[in-house]
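Before any comments, here is the structure.
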Amino acid sequence: LFFVVVRVIRRWPAPLVLALGAGLQIADFDTGIILLDKFAHYFIFFYSGYLLAPHIFRLARWAQEHKRAAGALLLAWFVVNFVLVYLHLAMRPVLSLITGYAGAIAVLLVSALLADHSWMGWLSYLGRHSIVVYLGFVIPLALSRPIVARVVPTIDTGTATLFVTLVCIAGAVLLHW
């Protein structure tokens, strides 16, 4: 759906699309129609990635060239994010948009820092095929949801989330292969 919408609006001015996307995310829709609600919440991040890809790659290169500064930024992000989550503020309108971008940048920085290590070759592979993972996780998520629903009462949320994430990434890559 994201791809189709971006294709349809590709000639629209980028600032307008960014403003509309941010507005949809901040509005925090709850129509009861999951597809519409999730679209409204996440479109801005998809469109930003599409629009800002050259800058995102530049930031990754910067992180690899300035490891200490990137590490300091990660530490600052961790502290601020921890406080916002602890105070139950991270998902408030506007802050959720900011924390969403900050979290995406944190993932990018961690990935860029780890990609230099030979034992992390799999991460480079996932990075080169990130669209496969991004678009392909839905089917494994749907298949793993009933299993997780049965198992979650016996394990903590963090472990369940880790399990679902690993299943969805592996499933998306397997579907790609």
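The values are calculated or read from the model by the stated rules, or taken from the named source; none is laboratory data. Keep in mind it's a predicted model, so treat the numbers as computed, not measured. All Cβ positions, even for glycine, are placed from backbone atoms using ideal geometry, and neighbour counts span all protein chains on display. Only protein heavy atoms, including side chains, enter the accessible area calculation; ligands, DNA and RNA are left aside. Shrake-Rupley method; radii C 1.70, N 1.55, O 1.52, S 1.80 Å.
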> Got a sec? Which helices (runs of 4 or more DSSP H) wholly within region 83-154 have at least 1 residues that are open to solvent by 70 Å² or more (accessible area, probe 1.4 Å) and over 25 Å from Val167 (Cα atoms)?
Replying inline: 95-114
> Restricting to region 68-78, what's the tally of residues that are closer than 10 Å to Leu109 by Cβ and of a type outside the set (A, V, I, L, M)?
Replying inline: 2
>> Being exposed (fewer than 14 other Cβ atoms within 10 Å of the Cβ) and assigned to a helix (DSSP H, G or I) is the filter here; which residues of region 26-63 pass it?
In response: Ala27, Ile34, Leu35, Lys38, Ala53, Pro54, His55, Phe57, Arg58, Arg61, Trp62
>> Just checking, does region 154-164 include any residue being closer than 26 Å to Ala40 by Cβ, free of Cβ contacts under 8 Å to residues at least 12 places away in the same chain and polar (S, T, N, Q)?
In response: yes
> When you go through Arg61, Arg92 one by one, which is the residue that is among the basic types (Lys, Arg) and over 18 Å from His117 (Cα atoms)?
Replying inline: Arg92
>> Here is a check on your reading of the model: is Val80 over 28 Å from Pro13 (Cα atoms), in contact (Cβ under 8 Å) with a residue 12 or more places away in the chain and among the β-branched types (Val, Ile, Thr)?
In response: yes
> So which residues in region 155-177 are open to solvent by 80 Å² or more (accessible area, probe 1.4 Å) and in a helix (DSSP H, G or I), if there are any at all?
Replying inline: Thr157, Leu162, Phe163, Leu166, Leu174, Leu175, His176
